[in-house]
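Engineer: So that we are looking at the same thing, I have put the structure below in structure tokens.
The values are calculated or read from the model by the stated rules, or taken from the named source; none is laboratory data. Every value quoted in this text rests on a predicted model; they were computed, and no experiment measured them. Cβ placement follows ideal geometry from the backbone for every residue including glycine, while neighbour counts extend to all protein chains displayed. Side chains are part of the model used for accessible areas, which takes the heavy atoms of the whole protein and leaves out ligands, DNA and RNA. Shrake-Rupley method; radii C 1.70, N 1.55, O 1.52, S 1.80 Å.
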Amino acid sequence: MVDAKGKNMKCLTFFLMLPESVKIRSKKGPKKGSPTNSKLPPVCYEIITLKTKKKKKMAADIFPTKKTVNATSVQQYQQQNLNNNNTIQSTNWQGLYPTIRERNSVMFNNELMADVHFVVGPAGATQRVPGHKYVLAVGSSVFHAMFYGELAEDQDEIRIPDVEPAAFLAMLKYIYCDEIDLGADTVLATLYAAKKYIVPHLARACVNFLETSLSAKNACVLLSQSCLFEEPDLTQRCWEVIDAQAELALKSEGFCDIDFQTLESILRRETLNAKEIVVFESALSWAEAECQRQDLTVSIDNKRKVLGKAVYLIRIPTMALDDFANGAAQSGVLTLSETNDIFLWYTAANKPELQFVCKPRKGLVPQRCHRFQSCAYRSNQWRYRGRCDSIQFAVDKRVFIAGFGLYGSSCGSTEYSAKIELKRQGVILGQNLSKYFSDGSSNTFPVWFEYPVQIEPDTFYTASVVLDGNELSYFGQEGMTEVQCGKVTFQFQCSSDSTNGTGVQGGQIPELIFYA
């Protein structure tokens, strides 16, 4: 076949909706002498002409989705569907949405054509959710087995008491709309639903969300959950936070919510970076919460009862003597015999055998990022007078800044008062006022924050110090914009907060002390 421009065309001919007898007779043609006005319906053809060497177009190409009205309509439908308010406003609603993704989005939590219903949530807090077996089976192998497998049951209503309604809807939104909608309050429940119904990409998104929002406040709870969900990467991230910010993690409310197995694993941790008296007091707080969970009277005896053998994982003999005498010894949790034996352990040459672990924890070894290649001093530098020395930095992986290394006097031994501060976008994350002694050498001297400060990757933070002491000190020279420390890369840039001359090339704050 040739078109009007003389180009070759391919033709496909289809008989549409004709019975077989009609097709046969139409091929043979009318018999001689037969009337032309046959009662048989005329043969119908549909000719589809395709130009050669032309790519097939998808629906999204034929109907571009640049019009904002379509996207807005989909969002409106999704918002309506979250509340089961899913009235279809047009008889030809399919024509409003050019892609299958958009049309599926309209079906999300929609009663239209629903062939199954779920009653989700515990008794007294259930929500009835409509579903479409085909869409659900495409999105989850569990739903496929449930509806189309060998043991499939033809149920119109399925009860799911162990999944929260909000989490179930978040999972369905991913299956129907290919959208991930997570929140801090629902992400754990959504992860549980994604694991239960084997929706791996949604589960991975939940884990990524948890890793991003991980902090000392929720690390212990997430550690417990990560073990339950068998997510080793998340477990490792939790341990990194708990080790580096142990005292903050142990004092958090979430610590009291963990299960006994997680409690044991934390108390057994060799790299826990905390004073043992803090570990002891946190264990007692957990025991009080556990008594309430078991409907036991909160008493000293019951606290010891719920702690069980875990109490011996607390390294009481490694406490400072003052901490033991004023804290653990008077808590009532230890027996009189245990208290006497531990006192003898501190004082006697012939030490008794104890059930408690007597070896101190190793904790974490701090690392130092030194940003100068040399240091110097001159008769007119480096002066302070209450001015601020500041520098900005960023890292390529999560670290915990424990403090700064600072230069001291170039004119002999002296003491400095240092106010150190760490900010992100103007918000103070950590600060401390302390003193350090300088021996007159060019060494750096550590100044610590009360607790290590968590630093996220690819974001600039501002490190600042205001010094009060000897007017003349050493200062750094030949500063580097990028420094590699083990597996962590630090980048430095000048800070507008610096009013005393410190910058990338020279000045104070030669070292960042961190855990990684």
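Engineer: Picking from SER464, SER434, SER410, which residue would you name as being surrounded by 14 or more Cβ atoms within 10 Å (Cβ to Cβ) and within 20 Å of GLU482 (Cα to Cα)? Talk me through it step by step, then tell me what you get.
Structural biologist: On the way: SER434 fails: within 20 Å of GLU482 (Cα to Cα); SER410 fails: within 20 Å of GLU482 (Cα to Cα).
Of the residues listed, the single one that is surrounded by 14 or more Cβ atoms within 10 Å (Cβ to Cβ) and within 20 Å of GLU482 (Cα to Cα) is SER464.
Engineer: Further question on the same structure: Out of the residues in region 332-350 that are touching a helix residue (DSSP H, G or I) at 6+ places or on another chain (Cβ under 7 Å) and among the hydroxyl-bearing types (Ser, Thr, Tyr), which is most open to solvent (accessible area, probe 1.4 Å)? I'd like the intermediate steps shown before the answer.
Structural biologist: Going residue by residue through region 332-350, those that are touching a helix residue (DSSP H, G or I) at 6+ places or on another chain (Cβ under 7 Å) are 332-334, 339, 342, 345-346.
Still in the list and also among the hydroxyl-bearing types (Ser, Thr, Tyr): 339, 346.
On the way: THR339: 17, TYR346: 56 Å².
The selected residue is TYR346.
Engineer: Pull out all pairs, ordered by first then second residue, where Cβ-Cβ is under 9 Å, the residues are six or more apart or on different chains, the first lies in region 264-279 and is under 21 Å from LEU321 (Cβ atoms), and the second is of a type in the set (Phe, Trp, Tyr) and part of a helix (DSSP H, G or I).
Structural biologist: Filtered contacts from region 264-279: GLU276/PHE324; ILE277/PHE324.
Engineer: Sticking with this one: Of everything in region 412-471, what is assigned to a loop (DSSP other than H, G, I, E, B), closer than 30 Å to LEU250 by Cβ and among the hydroxyl-bearing types (Ser, Thr, Tyr)? Give them in sequence order.
Structural biologist: Residue satisfying the conditions is THR459 alone.
Engineer: Right, next: Tell me, yes or no, whether region 440-461 has at least one residue that is within 16 Å of TYR416 (Cα to Cα), open to solvent by 50 Å² or more (accessible area, probe 1.4 Å) and aromatic (Phe, Trp, Tyr).
Structural biologist: yes
Engineer: To continue, here is another question. Listed residues VAL221, VAL278; which is more than 18 Å from PRO452 (Cβ to Cβ), among the aliphatic types (A, V, I, L, M) and in contact with a helix residue (DSSP H, G or I) (Cβ under 6 Å, 6 or more places away or on another chain)?
Structural biologist: Working: VAL278 fails: more than 18 Å from PRO452 (Cβ to Cβ).
Among VAL221, VAL278, only VAL221 is more than 18 Å from PRO452 (Cβ to Cβ), among the aliphatic types (A, V, I, L, M) and in contact with a helix residue (DSSP H, G or I) (Cβ under 6 Å, 6 or more places away or on another chain).
Engineer: Of the residues that sit in region 244-287 and are part of a loop (DSSP other than H, G, I, E, B) and of a type in the set (A, V, I, L, M), which one is most open to solvent (accessible area, probe 1.4 Å)?
Structural biologist: Taking region 244-287 and keeping what is part of a loop (DSSP other than H, G, I, E, B), we get 245, 252, 258-259, 268-275.
In the following step, the residues that additionally are of a type in the set (A, V, I, L, M) were identified as 258, 272, 274.
On the way: ILE258: 4, LEU272: 4, ALA274: 25 Å².
Out of the qualifying residues, it is ALA274.
Engineer: Criterion first (under 34 Å from the mean Cα position of the chain (by Cα), within 18 Å of LEU467 (Cα to Cα), surrounded by 13 or more Cβ atoms within 10 Å (Cβ to Cβ) and in contact (Cβ under 8 Å) with a residue 24 or more places away in the chain) does PHE404 satisfy it? Please lay out each step first, then the result.
Structural biologist: Working: under 34 Å from the mean Cα position of the chain (by Cα): yes; within 18 Å of LEU467 (Cα to Cα): yes; surrounded by 13 or more Cβ atoms within 10 Å (Cβ to Cβ): yes; in contact (Cβ under 8 Å) with a residue 24 or more places away in the chain: yes.
In short, yes.
Engineer: Here is a further query. Under 7 Å between Cβ atoms, which residue pairs at least 6 apart in sequence (or on different chains) link something in region 186-215 that is farther than 14 Å from VAL142 by Cα with a partner that is among the hydroxyl-bearing types (Ser, Thr, Tyr) and part of a helix (DSSP H, G or I)?
Structural biologist: LEU202/TYR174; CYS206/THR190
Engineer: Now for a separate question. Can you tell me how many residues in region 145-169 are more than 22 Å from the chain's Cα centre (by Cα) and open to solvent by 50 Å² or more (accessible area, probe 1.4 Å)? Even if it seems obvious, please write down each step before you answer.
Structural biologist: Pass one, region 145-169, residues more than 22 Å from the chain's Cα centre (by Cα): 145-162.
Checking the rest, the ones that are also open to solvent by 50 Å² or more (accessible area, probe 1.4 Å) come to 145-146, 148, 150-151, 153-157, 159, 161-162.
Final tally of qualifying residues: 13.
Engineer: Ok, one more. Specify the residue that is most open to solvent (accessible area, probe 1.4 Å); the eligible residues are those in region 223-243 that are closer than 17 Å to ALA194 by Cβ and charged (D, E, K, R).
Structural biologist: The qualifying residue most open to solvent (accessible area, probe 1.4 Å) is GLU230.
Engineer: Separate question: So is LEU172 of a type in the set (A, V, I, L, M, F, W, C) and under 26 Å from the mean Cα position of the chain (by Cα) or not?
Structural biologist: It is true that LEU172 is of a type in the set (A, V, I, L, M, F, W, C) and under 26 Å from the mean Cα position of the chain (by Cα).
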